[in-house]
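Asks: Structure in structure tokens, see below.
Taken together, the values in this text are just the output of simple stated rules run on the coordinates, not laboratory data. This is a predicted model, so every value here is computed, not measured. Methodologically, a virtual Cβ is constructed for each residue, glycine included, from the backbone with ideal geometry; neighbour enumeration extends over all protein chains shown.
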Amino acid sequence: MEKELDVRIDKYLWAVRVFKTRSIATDEINKNRVTINGIDVKPSRIVKPGDVIAIRKPPAVFTYKVLALLTQRISASLVSQYAENLTPESEIQKQYIARVNVTFKRDKGAGRPTKKDRRDIEELGL
């Protein structure tokens, strides 16, 4: 008799490479940006195959279906065996448009960026 695998949502999202670190996944869940089957969850929520996970990364909402469970982080090429990306193309385009439209302008000859300038640049993802 095989024991069923229990995997927390924060660990699962980290393992299938939705978030870079488990602590980032936990923070996003605590900010109510992650839902399972339309219900807000806590980081300790157990994931089951067939669950639909929605993740708000403004301005887009990414949707994934749990195909299988895992506890270790895997390579990007294997993610499709464990999670199916159900995100509509329109949501992916929203994310792309937001990145393209962001511009950061500095006057020529303004010197080196200050700490505040650097933080602003990093926040924009440039």
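Asks: Cut-off 10 angstrom, C-alpha nodes, Gaussian network model of the chain. Which of 116, 65, 94 fluctuates the most?
Replies: Result for the chain, Cα springs under 10 Å: 116 fluctuates most.
Asks: With the cut-off at 21 Å, tell me which of the pairs 11/31; 57/94; 94/116; 20/65 have Cα atoms farther apart than that.
Replies: 94/116
Asks: Which residue fluctuates the most in the chain, going by a Gaussian network model with Cα springs under 10 Å, if the choices are 88, 59, 113?
Replies: 113
Asks: Once Lys and Arg get +1 and Asp and Glu get -1 on their Cβ, which of 79, 52, 26 lies farthest toward the positive end of the dipole of the chain?
Replies: 26
Asks: Tell me the mean residue ellipticity at 222 nm calculated for the chain from its helices only (DSSP H runs of n ≥ 4, each -39500 (n - 2.57), averaged over every residue, nearest 500).
Replies: Result for the chain, helices only: -9000 deg cm²/dmol.
Asks: Using only Cα atoms, find the angle between the long axis of helix 89-101 and the longest principal axis of the chain, and express it within 0 to 90 degrees, rounded to the nearest 10.
Replies: Rounded to the nearest ten degrees, it is 20.
Asks: If exposed means no more than 12 neighbouring beta carbons inside 10 Å and the site is in a DSSP loop, what's the longest run of the chain without any exposed GluC sites (Glu not before Pro)?
Replies: With a cap of 12 other Cβ atoms within 10 Å, the longest stretch comes to 5-126.
Asks: Further question on the same structure: Report the full-extension gain for the segment residue 23 to residue 40: residue separation times 0.36 nm, less the Cα-Cα distance, to one decimal in nm.
Replies: Working it through step by step, the gained length comes to 4.3 nm.
Asks: Same structure again: Treating the chain as a set of equal point scatterers at the Cα positions, no solvent, please give the Debye-formula log₁₀ I(q)/I(0) at q = 0.16, 0.20 Å⁻¹.
Replies: Values, matching the q order: -0.84, -1.14.
Asks: Let me know the charge dipole size of the chain about its Cα centre in debye, to the nearest 20, where only the beta-carbon of Lys, Arg (+1) and Asp, Glu (-1) is charged.
Replies: That gives a dipole near 660 debye.
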